[in-house]
Structure formats: C-alpha cells, structure tokens
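**Q** Take a look at the following structure, please.
The values are calculated or read from the model by the stated rules, or taken from the named source; none is laboratory data. These figures come from a predicted structure and were not determined experimentally. Every residue, glycine among them, receives a Cβ derived from its backbone with ideal geometry; neighbour counts consider all protein chains shown.
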C-alpha cells in the first residue's frame, strides 16, 4: 500500500504544468460509485455501479428510476449544489448568479442545514448540516429529477399495475431506499456524522423523503416524522 500510494503521488506530481487530460477518470471501472467533476463539467458512472441495487434490467421501471435515474439526477444536481454552483459551464470558478438568486439559494441552503442539524442519529450526536449540505441538496434534487423523469416516461401510457401491493409511485421511493439501506455499528455512525460529507444512509432515505410531498402523497403520510408540513418543505431544485 505504501508503494501504491507513492506511485500515485508521483503520478500526480508528474502532471503539474501539463495540459489537463479531460478523458481521465477519477475512479476505476470496477468501483461502485459515481461523481460530478465541476472543473470538467462532467458526471461519471463507472461500469460497476450499473448493477443491482442501482440498476437491474429485469426490474420494474419505477424501481430503476428511484435508483439509478435518481443517482444520475443526484450527480447532475451536484453541479448546482453549494460547491458546484460556484463553477460556470466551462468549469471555471466564476460567479454566474444574479445577486437575488444567489441570496435566495443561500437562504434555502441554510434551511436545509438547520433541518439536518436537528436530526440526532444516536444519543448526543447529530448530523452536521453544514458538512452534509452539498450531498443533501443533491439527494433532494436527484430524487425530484428521477421522479418527474418517471412521470414523463409514463405520459400517454396506461398506469403500471401494483406489484406486491405497491403502486408505481411507491415503488419509485422503494427503489431509492434499496440503494442506500445499510447496517452500521454505533461507533461507525458517530464517526460518519463527524467526518463524512454524506448523511448516514438511514437519513439519506427518511429525512430526504420526508421533504418530498410526492412521497407523503404516495404513502398517505400525515404531517410528522415522514412528512414535513408545507411551511417547512424545502424545494431548491
């Protein structure tokens, strides 16, 4: 591992002063992940992520839209999160916002920070709304894009039948939940909320879905833990 890290360091140093190779990926094809690179104005999905639970060619469309399509939307939205929004269409760090738009965007971001700050994941430890705001914006935006892409795909068609008792709208949100659900030790959970820009998986699901009126309508949720009231709903993208 020391030799690998040394090689990687030297490889990066050797690139200094040379033209940027925009065809180079930051992840290997075997890595189950994806990313938005603002300086290249690109989103990248290695081959390995295109398998269940992210994408299953044999699955219902609603499941796939809730999973891989919403993840694609997540990476697209990173171009317009608190960090990506600072870059222009050519990948340059340049302010392209009208002053009033920038003010409103910052205010919405502050509301989302406060929303996640209030979430206690285990006794005495809360999600850091400032640390996670970029990922939380991307989750909310990605789910919105994924949901309305699915709605668009069904225009002029007969509504899909329920499967295992779940409507197509419910299956969309189950697709998102299947992507992120996981088991964590309490120690790992504490470490994540202090060091990781992603909210823990349970709240990437529950806290984000509670912000979506489409979710509360699909499952008939009354205002509460899984459905914020209209006055508290945060819509950024």
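**Q** Just name the residue that is surrounded by the most Cβ atoms within 10 Å (Cβ to Cβ) out of those in the range 17-39 that are under 18 Å from the mean Cα position of the chain (by Cα) and under 19 Å from residue 86 (Cβ atoms).
**A** The qualifying residue surrounded by the most Cβ atoms within 10 Å (Cβ to Cβ) is 36.
**Q** So, one more: In this structure, is residue 64 within 26 Å of residue 143 (Cβ to Cβ), modelled with pLDDT of 95 or more and touching a helix residue (DSSP H, G or I) at 6+ places or on another chain (Cβ under 7 Å)?
**A** Criteria met by residue 64.
**Q** Here is a further query. Answer yes or no: is there a residue in the range 160-171 that is surrounded by 15 or more Cβ atoms within 10 Å (Cβ to Cβ) and within 27 Å of residue 107 (Cβ to Cβ).
**A** no
**Q** Just one of the numbered conditions (1) under 16 Å from the mean Cα position of the chain (by Cα); (2) under 21 Å from residue 108 (Cβ atoms); (3) buried (at least 17 other Cβ atoms within 10 Å of the Cβ) is not true of residue 180; which one?
**A** Residue 180 satisfies all of (1) under 16 Å from the mean Cα position of the chain (by Cα); (2) under 21 Å from residue 108 (Cβ atoms); (3) buried (at least 17 other Cβ atoms within 10 Å of the Cβ) except (2).
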